[in-house]
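Structure record follows, encoded as structure tokens.
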Amino acid sequence: MRYSPPPLNHKEILMIKTCVHCDMDFNLHSRHKRQAGGRVNECADCVIELGTERTVKYLGLPAGDGKSAGISIVAFESQEDRTAYSKAWKAVTGFHKGKSCHLSGCQTTIGGRPMRHVAYNSGNANHKGKL
């Protein structure tokens, strides 16, 4: 087995592809390409310009029912809807706020965003083996 030297940047491995739309070379594992999405043979600029990104934006939310919590996974039509729902959910549920979680006088509205429920995994209420 031959030794291959490590990449120049250990966090980013170079994988050069040629875009099918503009015939330019691009790094498949670059930060710009990962943020833009798209198919494996499209550069990030063409994905943004042509609007070819079709990935479903998922969001996992913990249910918080005690020691063995469940998780709910929902899908959104856009990244903006996903971000807005996540921000509103964290504000309403008191996510990462400690003991002051529900002391706010105002509540953020969660509804009105296009989404669909993908999956739900409930925690086991009988987590210690007792009946």
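The values are calculated or read from the model by the stated rules, or taken from the named source; none is laboratory data. Here the structure is a predicted model, which means the values were calculated and not measured. All Cβ positions, glycine included, derive from the backbone under ideal geometry; neighbour counts span all protein chains shown. Note: areas computed on protein heavy atoms with side chains; ligands, DNA, RNA excluded. Shrake-Rupley method; radii C 1.70, N 1.55, O 1.52, S 1.80 Å.
Side notes on the structure shown:
- 14 Å cut-off, amide nitrogen to a point 7 angstrom out along R113 Cα→Cβ, residues in the range 68-91: 73-91
- A75 versus C22: modelled label distance in nm, points set 7 Å from Cα along the beta carbon direction: 3.0
- With all protein chains modelled, accessible area of V40 [1.4 Å, Å²]: 80
- Residues N121 and T83, FRET efficiency given R0 of 30 Å [Cβ-Cβ distance, rounded to 0.05]: 0.80
- Percent carbon-and-sulfur accessible area, the range 21-95, ignoring ligands, DNA and RNA, probe 1.4 Å: 52
- K87, K57, ranked by accessible area, largest first (probe 1.4 Å): K87, K57
- Accessible surface for D81 stands near 40 Å², nearest 10, in the context of the full protein assembly shown (1.4 Å probe).
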